[in-house]
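The values are calculated or read from the model by the stated rules, or taken from the named source; none is laboratory data. Worth saying up front: this structure is predicted, and the values here are computed from it rather than measured. Cβ placement follows ideal geometry from the backbone for every residue including glycine, while neighbour counts extend to all protein chains displayed. These area figures cover heavy atoms from the full protein model, side chains too; ligands, DNA and RNA do not enter into them. Shrake-Rupley method; radii C 1.70, N 1.55, O 1.52, S 1.80 Å.
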Amino acid sequence: MEKLLLFSFFLITTFGNQSFAQQNKKLDSLNNLLKTAKHDTTRFNAYSEIASIFQNTNPDTAIYILNKARLIAGKIPGDDGRLREGETIRATGWDYYLKSDYTKALENYEKSLSIAQKCVANKNTKLQAKAKKLQAASLGNIGIVYDVQGDYSKTLSYFFEALKINEESGNKKAQASTLGNIGIVYQKQNDYPKALDYHFKALKINEELGNKKGLAATFGNIGAVYYLQNDYSKTLDYYFKALKIHEETDNKKGQSITLGNIGNVYDGQGDYSNALSYLLKALKIKEEIGDKSGQAMSLGNIGALYTKLKKYTLAEKYLKQAEQLNRDLGVFYNLKDVSSYLSELYFQTGRHKEALHYYKEHILYRDSVNSEENQKAAIQKEMQFNYDKKAAADSVKAVEERKVIDAQMKQEKTQRFALYGGLALVIVFAVFMYNRFRVTNKQKQIIEIKEKETQQQKHIIEEKHKEITDSINYAERIQRSFLATKELLDENLNDYFVLFQPKDVVSGDFYWATKLSNGNFALATADSTGHGVPGAIMSLLNITSLESAIKDGYTQPSEILNATRKTIIERLKKDGSAEGGKDGMDCSLTVYDFNRSKLFVTAANNPVWIVRGTEVIEIKPDKMPVGKHDKQDVLFTQHEIDLQNGDVVYTLTDGFPDQFGGESGKKFMSKKLRELLLANANLAMHEQKQLLQTTFKNWVGDLEQVDDVCVIGVRV
């Protein structure tokens, strides 16, 4: 869902809501002022205002103009000039932030903070308020960068430091902004009571000030918190309050975001008519203001909604537009959702070939967004395209040149025939026969050489294929040595089965077990990022991270996964990517205390099912992986279950339910698998495994297996 987040720390006044005509008029006025200005302060203020106009539409231009303002600030003597220079540096940092260049943004913010701190230390009474304002703004901006990077501890540290300065200096408007930002951080950490507490504090100050822009943003933030708590009535109440203010102030950007949010709320309530109305209104405004990324998001939401309404032609139209726009913008992360929507659309309309294609794309984007391998593959495809294009052009050129040469030869041959008659014909014929003889011999030699080269290449390919196959088989043996052994499982479990069926020889899925220091038995069923060789390498990292947590003495499944997640994130920081690795695993970790008939469960994205008699007890997972994620600072949930004699505990990855197959080429689905297990839980465990293998094989049929499969059953 789109959220309206308040991240405004004393930014130079923006003109984002003005029309182009108004902006041009303002620019003309400021340019005229620059021509006639006699003082450096006047020129500095003019350049600063011009930069603010370009801030949201063209950050590069804004940076160029701010550099001019900074040079002028250097001519203004004393702390006044230094503070003006600090403000241009901070504003430059914001422009880099808008470009997603967080390293340069942070560099500029730290420079502006250093200037502000030095000016505060000088205790110039006249400029103290201005220095503290810049100090607090720089601290807040640094906090924003750490927030984007997911370091919420540092984010809050800088926000609270900024809040303290704002309170000391009595800057109410800045206090409200900072309180709102603190509320957003707690919101991201799922601490909704604290989030609301800070948002309502911000609301109170904005009401006292009559700050309409701040009120609208705060209403939107409060609505977002209630949405996350599924309180749709309060959500809509606050969203409509925000929308009213955005309309009064003609804030088109705010209107589009809030309309989209309202549409998503109605969608969540199943009120598709209202949802469609508001989503279309949001799209129209985004088109008017040229918000391309916002358009892409709205197109995807509308397409998904039309699928729910079974208006499949319209759904395909909007989803295809969303797909193309996201590709044009290079927003490949959003393509993960759009490809999922398209897969569902084609699945519902019986176009199973297209459904499978987009499901594979969804898996690809889910597992490999921003991966180095994908970037290399894209470059190779572009190089191949350019090569093929050149080869085709050269071929056409050669044919045309051959035609010209043939025509010239024909003309010369005719002339010789006319001039020399039969003698020339004999000579030409003799030359022709001689040339044909030479060509034939040359072609024979070439064919013999090519045949020899082909045999050599064939031999090399066969050798390479054997080497690769041997390497993969060796890798499979190494990976298998990390999995739970039959001896370990037999020693600790009375009755069980393990269905483990990788898509390739090696696997991203794995199962692992160990005896804990308190005597309990831990069993993990996990799905690592990717499959094949990359997935297998990731599985080894995940297993060693689990083992590290056990060695540190952790015995509770939630503690084990919390510690494992930290280890994985720390290790993948060195993967060479800009943000550090986002890989990890989905995992269900079960810990059995057979002496007390207790089961402790922590699940990350994968559920755990317990069949007891004629019912299935489902333990719902936390909606986050064991790895880098927006919720990486949120602790995993632990469930405790009293086991009964005859209970069958099932753990699984998503490979079985997500497999396409059957007569219609559809997904197997989790519901169908759950019903299959419930109906056959009374069978012996080895018979259940055989039933699952047969069912899966028959379901796949002539199609291909799309993901690794792992299902484990344990009878108590």
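Mind checking which residues of region 101-125 are open to solvent by 70 Å² or more (accessible area, probe 1.4 Å) and not in a helix (DSSP H, G or I)? Result: Asn122, Lys123.
Restricting attention to region 46-73, which residues are open to solvent by 20 Å² or more (accessible area, probe 1.4 Å) and part of a helix (DSSP H, G or I)?
Those that are open to solvent by 20 Å² or more (accessible area, probe 1.4 Å) and part of a helix (DSSP H, G or I): Tyr47, Glu49, Phe54, Pro59, Asp60, Thr61, Tyr64, Asn67, Lys68, Arg70, Leu71.
hydroxyl-bearing (Ser, Thr, Tyr), closer than 27 Å to His199 by Cα and open to solvent by 20 Å² or more (accessible area, probe 1.4 Å), is that true of Tyr278? Spelling it out, Tyr278 is indeed hydroxyl-bearing (Ser, Thr, Tyr), closer than 27 Å to His199 by Cα and open to solvent by 20 Å² or more (accessible area, probe 1.4 Å). Given Gln135, Gln128, which one is buried (at least 24 other Cβ atoms within 10 Å of the Cβ) and of a type in the set (S, T, N, Q)? Residue meeting the stated conditions: Gln135. Selection of region 148-172 for residues being touching a residue at least 60 places away in the same chain (Cβ under 8 Å) and either surrounded by 15 or more Cβ atoms within 10 Å (Cβ to Cβ) or acidic (Asp, Glu) (or both) yields Gly150, Tyr152, Ala162.
Would you pick out the residues in region 77-100 that are within 22 Å of Ser293 (Cβ to Cβ) and either open to solvent by 10 Å² or more (accessible area, probe 1.4 Å) or outside any helix (DSSP H, G or I) (or both)? Once the filter is applied, which keeps residues that are within 22 Å of Ser293 (Cβ to Cβ) and either open to solvent by 10 Å² or more (accessible area, probe 1.4 Å) or outside any helix (DSSP H, G or I) (or both), region 77-100 yields Trp94, Tyr96, Tyr97, Leu98, Lys99, Ser100. When the criteria are applied in full, Leu345 meets the requirement of being in contact with an Asp or Glu (Cβ under 8 Å, 6 or more places away or on another chain) and either surrounded by fewer than 22 Cβ atoms within 10 Å (Cβ to Cβ) or part of a helix (DSSP H, G or I) (or both).
A count restricted to region 606-627 and to residues that are under 22 Å from Lys573 (Cβ atoms) and open to solvent by 50 Å² or more (accessible area, probe 1.4 Å) stands at 0. Listed conditions (1) touching a residue at least 12 places away in the same chain (Cβ under 8 Å); (2) open to solvent by 10 Å² or more (accessible area, probe 1.4 Å) are all met by Asn680, apart from (1). Filter region 200-257 down to residues that are of a type in the set (Lys, Arg) and under 24 Å from Lys286 (Cβ atoms) and give me whichever is most open to solvent (accessible area, probe 1.4 Å). Once the filter is applied, the top-ranked residue is Lys213. Suppose we keep only residues that are in a loop (DSSP other than H, G, I, E, B) and of a type in the set (Val, Ile, Thr) within region 599-647. Which one would you say is nearest to Ser588 (Cα to Cα)? Here the answer is Thr637. Residues in region 488-525 that are farther than 16 Å from Ala549 by Cα, touching a helix residue (DSSP H, G or I) at 6+ places or on another chain (Cβ under 6 Å), hydrophobic (A, V, I, L, M, F, W, C) and open to solvent by less than 20 Å² (accessible area, probe 1.4 Å): Phe497, Leu499, Val506, Phe510.
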